[in-house]
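> There's a structure below that I have some questions on.
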Amino acid sequence: MIGHKFLTMKKIAVISDIHGNIWALERVLEDIQKKGINTIINLGDHLNGPLKPKETFQLIKETPMVSIAGNGDRYIVENALRDKKDSPTMKYIYSQIDMEAVNWLKSLPKTLLFNEFIFLTHGKLDIDDKYLIENITPEGIVVRENNELISIVGHLPHKIILSAHSHVSRFIDLGNGQTIINSGSVGLPAYTDDLPYPHAMETCSPHAKYAILELENSDLINCRQISLKYDWKFAKKEAIKNNRPDWAKWLESGRA
């Protein structure tokens, strides 16, 4: 029986929110390869940020993986149609990437059914810039209660819902046969945002995050949340070079 389970076990690596951090992505992919995992799911936000979008795109394209789009990917595509970019960071991104990268981001689906029991979404189902798990209130960040999450995803026939966007690793058993998993961020361990209310997402460490799912048939047997050390001084240096001291702080500490 033990041998049979070993033979039928499938491992899937889940990555997300790379944000152009080539150094973190290289470390994560190296770890995935060492563990002998051949299936990679990528939940979006690939290139946006003041780091290495061109090199990150090249590495993603060279690596077999299933990808969906995040809100940051959508922002890059939308800005491609404008004469004036939204910010100096967006201008920097466009100085590095070409239309091949833009068209690739444009081709990515917002959500995807990976198989009959795993559903992929970056944010709140097809609302890519809203959190699925967290609710932002004037008082702070609140993890949604199970009944609220069931009202959002309970109509889906899938056992596993993979989401991203908040950059914070989470594993939530809804008690109805469904599980929501956030693999954390590969490349950006903290950030601040003003919408819908000012808030900070913090992982409290600079490590690159991803998750490994172990499945037997359609059953989730194990979920491992991985934190990897990499040489984040290079990412910090690039952020400073591109006039983003806020990113430098986030990358070095995982705190905002």
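The values are calculated or read from the model by the stated rules, or taken from the named source; none is laboratory data. Owing to the predicted nature of the structure, the values given are computational and were not obtained by experimental measurement. With ideal geometry, Cβ positions are generated from the backbone for all residues, glycine too; neighbour counts draw on all protein chains shown.
> Take the conditions within 18 Å of Arg255 (Cα to Cα), surrounded by 18 or more Cβ atoms within 10 Å (Cβ to Cβ) and either at pLDDT 95 or above or within 17 Å of the chain's Cα centre (by Cα) (or both) and apply them to Val153. Does it pass?
On the way: within 18 Å of Arg255 (Cα to Cα): no; surrounded by 18 or more Cβ atoms within 10 Å (Cβ to Cβ): yes; either at pLDDT 95 or above or within 17 Å of the chain's Cα centre (by Cα) (or both): yes.
In short, no.
> Can you name the residue in the range 231-242 that is out of contact with any Ser or Thr (no Cβ under 8 Å at 6 or more places or on another chain) and outside any helix (DSSP H, G or I) and is also surrounded by the most Cβ atoms within 10 Å (Cβ to Cβ) among such residues? If you could, list the steps in order and put the result at the bottom.
Applying the first criterion (out of contact with any Ser or Thr (no Cβ under 8 Å at 6 or more places or on another chain)) to the range 231-242 yields 231-241.
Restricting the remaining residues to those that are outside any helix (DSSP H, G or I) gives 231-232.
Details: Asp231: 11, Trp232: 22.
Result: Trp232.
> In contact with a Lys or Arg (Cβ under 8 Å, 6 or more places away or on another chain), surrounded by fewer than 16 Cβ atoms within 10 Å (Cβ to Cβ) and assigned to a strand (DSSP E or B) - does that describe any residue in the range 163-185?
No - not one qualifying residue is present in the range 163-185.
> Taking interchain pairs and intrachain pairs at least six residues apart, which have beta carbon atoms under 7 angstrom, with the first residue in the range 120-147 and of a type in the set (Asp, Glu) and the second assigned to a strand (DSSP E or B)?
Asp126/Thr111; Asp129/Gly123; Glu134/Ile141; Glu134/Val142; Glu134/Val143
> Failed condition for Leu188, given (1) closer than 23 Å to Lys236 by Cα; (2) touching a strand residue (DSSP E or B) at 6+ places or on another chain (Cβ under 8 Å), with all others met?
(2)
> Could you list all residues from the range 243-255 that are in contact (Cβ under 8 Å) with a residue 60 or more places away in the chain and either in contact with a Leu (Cβ under 6 Å, 6 or more places away or on another chain) or surrounded by fewer than 16 Cβ atoms within 10 Å (Cβ to Cβ) (or both)? Quick ask: steps written out before the conclusion?
Going residue by residue through the range 243-255, those that are in contact (Cβ under 8 Å) with a residue 60 or more places away in the chain are 243-244, 247, 250-251, 253-255.
Scanning the range 243-255 gives Asn243, Arg255.
> Could you list all residues from the range 57-75 that are crowded, with 24+ Cβ neighbours inside 10 Å and either touching a residue at least 60 places away in the same chain (Cβ under 8 Å) or farther than 19 Å from Ser183 by Cα (or both)?
Gly70 - this is the single residue of the range 57-75 that is crowded, with 24+ Cβ neighbours inside 10 Å and either touching a residue at least 60 places away in the same chain (Cβ under 8 Å) or farther than 19 Å from Ser183 by Cα (or both).
> Looking at the range 21-126, what helices (runs of 4 or more DSSP H) fall wholly within it and have at least 1 residues that are in contact with a Leu (Cβ under 8 Å, 6 or more places away or on another chain), acidic (Asp, Glu) and closer than 30 Å to Ile221 by Cβ? Please lay out each step first, then the result.
Details: elements: 22-34, 53-62, 71-79, 88-96, 99-107.
Helices (runs of 4 or more DSSP H) meeting the threshold: 22-34.
> Please give the number of the condition Pro196 fails out of (1) in contact (Cβ under 8 Å) with a residue 40 or more places away in the chain; (2) surrounded by 21 or more Cβ atoms within 10 Å (Cβ to Cβ); (3) assigned to a loop (DSSP other than H, G, I, E, B).
(2)
> Could you tell me whether any residue of the range 173-182 is at pLDDT 95 or above, touching a Ser or Thr at 6+ places or on another chain (Cβ under 6 Å), within 24 Å of Gly254 (Cα to Cα) and charged (D, E, K, R)?
no
> Could you grab the pairs with beta carbons closer than 7 Å, sequence gap of 6+ or different chains, first residue in the range 209-227 and surrounded by fewer than 20 Cβ atoms within 10 Å (Cβ to Cβ) and at pLDDT 95 or above, second one among the β-branched types (Val, Ile, Thr) and outside any strand (DSSP E or B)?
Close Cβ pairs (under 7 Å, with a partner that is among the β-branched types (Val, Ile, Thr) and outside any strand (DSSP E or B)) amount to Ile212/Ile37.
For (1) in contact (Cβ under 8 Å) with a residue 60 or more places away in the chain; (2) farther than 30 Å from Glu55 by Cα; (3) in contact with a helix residue (DSSP H, G or I) (Cβ under 6 Å, 6 or more places away or on another chain); (4) not small (Gly, Ala, Ser), each residue gets a yes or a no:
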site: Leu156; (1), (2), (3), (4): no, yes, no, yes
site: Ser163; (1), (2), (3), (4): yes, no, no, no
site: Val186; (1), (2), (3), (4): yes, no, yes, yes
site: Glu202; (1), (2), (3), (4): no, no, no, yes
